[in-house]
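Asker: Below you will find the structure I want to go over with you.
Every number in this text was worked out from the coordinates using simple rules, so none of it is lab data. Note that the coordinates shown come from a computational prediction; the quantities given were computed from them, not determined experimentally. Positions of Cβ are backbone-derived with ideal geometry, glycine not excepted, and every protein chain shown enters the neighbour counts.
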Amino acid sequence: MSPFRRHVAAALLFLGTICGAIAADQTYTIAVIPKGTTHEFWKSIHAGAVKAQQELATQGIKVDLMWKGPLREDDRDQQIQVVENFMTRRVSGIVLAPLDSQALVKPVASAAQAKVPVVIIDSGLKSDKFVSFVATDNYKGGQLAAERIGQLLEGKGNVVLLRYAVGSASTEARENGFLDLLKEKYPGIKIISSDQHAGATRETAYQASQNLLNRFGREANGIFCPSETTTVAMTKALRDIGKAGGKIKMVGFDAGSQSVIDLKNGDIQGLVVQDPVRMGYLGVTTLIKHLQGAKVDLRIDTGVHVITADNMNDAEMKELLYPPLEKYLK
């Protein structure tokens, strides 16, 4: 090898070593923005994100995790502000659960334009400006709820659907899946109310539940609630009027601690349960893969299950009902 070529080879080796060291020392700053910060579902998402951070650290990948979201799940302006603040701070990327499928379109487009990639989790966005969508098949979740109600009522009776909130893509998909399957498979079941929304808090959901039961409590045979807040609120309202314990069949969504107690006590006859820990975990790991130049799937399904009193002690179901929050959240 000529002296010139030896010098070039040595220089390239030196540059390669320096670039490798820089890459190894790089820290990714990842902002995780939930719909809200008070409900247990979001704590499970947070735990999953921390789990990803810890596992990536063992692979030599440093992640500075920033967790921030609106207090209430109906505060669109605050969530938009959080997204814009992180974009201005030039984080490496954002993992976002949009609380409104339309209102967050523009902030996500702005982030993409600023070269801040976004992974969407939990709830859909009417946009194509994100890297990947990591979530439950919520339409399927609604279908599973309808199947459970259909079995409980043996294909006949009156059913109430208490909706969650306008603009929430995840719960709207559950509601649509529920109504579509009942119509298709259980023509003997009549939907006597499906136009009432509970709102984002347990207080508003409880008021909406009381109003529905005042109107339909005597004729309803089954009820479906598509979120943690609506499930807890409706079950309490059923107890208040002496219609819990299966007198009116109750199917809910998500594994909040109160809902698990209600399932165990027989006030709920079915819970459609997601895997929020896995969702938070895959939201972060998918974004890191993208940032490292790997190809990622546009849609990642995190799974959904129906849990009843009969299967709630199965190992797989227990892990979903009792996520190890204390292991990851200090």
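Asker: Skipping prolines and chain starts, which residues have an amide H placed within reach, meaning under 5 Å, of the one on L96, given they are 5 or more residues away or on another chain?
Answerer: Result for L96 returns I33, V119, I120, I121.
Asker: If you don't mind, there's one more thing I want to ask. Using a simple spin-label model with points 7 Å from Cα along the Cα→Cβ vector, what separation in nm is obtained for K156 and N211?
Answerer: 3.3
Asker: Sticking with this one: For the chain, modelled as a Gaussian network with Cα springs under 10 Å, which listed residue fluctuates most, T201, T136, T58?
Answerer: Top of the fluctuation ranking is T58.
Asker: On to the next question. Once label points are set 7 Å from the Cα along Cα→Cβ at both S257 and D240, what is their separation, rounded to one decimal in nm?
Answerer: For S257 paired with D240, the spin-label model returns 2.3 nm.
Asker: Please identify which residues in segment 191-220 have an amide N closer than 20 Å to a label point set 7 Å out from the Cα of V166, following the Cα→Cβ vector.
Answerer: Inside the label zone: 193-209, 211-212.
Asker: Longest segment of the chain with no GluC sites (Glu not before Pro) in a DSSP loop having at most 14 other Cβ atoms within 10 Å?
Answerer: Result, exposed sites excluded: 1-153.
Asker: Could you work out which residue, out of K68, K236, K295, moves most in a Gaussian network model of the chain, that is, has the largest mean-square fluctuation with Cα springs under 10 Å?
Answerer: K295
Asker: Would you mind computing, in nm to one decimal, how far apart the modelled labels at Q78 and K183 are, each placed 7 Å from Cα along Cα→Cβ?
Answerer: Spacing of the two 7 Å Cα→Cβ label points: 3.6 nm.
Asker: Hey, another quick one. So for M250, M87, M279, fewest C-beta neighbours within 10 Å to most, what's the order?
Answerer: Placing the least packed residue first, the sequence is M87, M279, M250.
Asker: What is the local net charge at N138, summed over the other residues whose Cβ is closer than 11 Å to its Cβ (Lys, Arg +1; Asp, Glu -1)?
Answerer: -3
Asker: Only bridges with both residues in the chain count here: give the DSSP antiparallel percent, nearest 5.
Answerer: Of all bridge pairs located within the chain, approximately 10 percent are antiparallel.
Asker: What is the angle, in °, between the Cα long axis of helix 169-185 and the longest principal axis of the Cα atoms in the chain? Nearest 10 is fine, range 0 to 90.
Answerer: 50
Asker: Something else: Lys and Arg at +1, Asp and Glu at -1: add these up for the other residues within a Cβ distance under 15 Å of R72 and post the number.
Answerer: -3
Asker: Could you calculate the contour length gain from R218 to I191, that is, 0.36 nm times the residue separation minus the distance between their Cα atoms, to one decimal place in nm?
Answerer: Separation in residues times 0.36 nm, less the Cα-Cα distance, equals 8.3 nm.
Asker: Let's test the formula: R0 of 22 Å, r as the Cβ-Cβ distance of T88 and A109. What FRET efficiency results, to the nearest 0.05?
Answerer: Rounded to the nearest 0.05, the efficiency is 0.90.
Asker: Tell me the angle of helix 76-88 to the major Cα principal axis of the chain, expressed in degrees between 0 and 90 and rounded to the nearest ten.
Answerer: For helix 76-88, the angle is close to 10 degrees.
Asker: If you don't mind, there's one more thing I want to ask. Among K43, K106, K249, determine the one that fluctuates most according to a GNM of the chain built with springs between C-alpha atoms less than 10 Å apart.
Answerer: The residue with the greatest mean-square fluctuation here is K106.
Asker: Any idea what the relative contact order of the chain is, in percent, if you count C-alpha pairs under 8 Å spaced at least 6 apart?
Answerer: That works out to 19 percent.
Asker: For the Cα atoms of the chain, what angle does the longest principal axis make with the long axis of helix 3-25, in degrees from 0 to 90, nearest 10?
Answerer: 30
Asker: Which of D254, D267, D240 comes first, and how do the rest follow, when ranked by fewest Cβ neighbours within 10 Å?
Answerer: Taking fewest neighbouring Cβ atoms as first place, the list is D240, D267, D254.
Asker: Sorted from largest down, what three extents in whole angstroms do the Cα atoms of segment 49-99 have along their principal axes?
Answerer: 37, 22, 13
Asker: Over all directions, the average projected area of the alpha-carbon convex hull for segment 185-330 comes to how many nm²?
Answerer: Approximately 11.7 nm², given one-decimal rounding.
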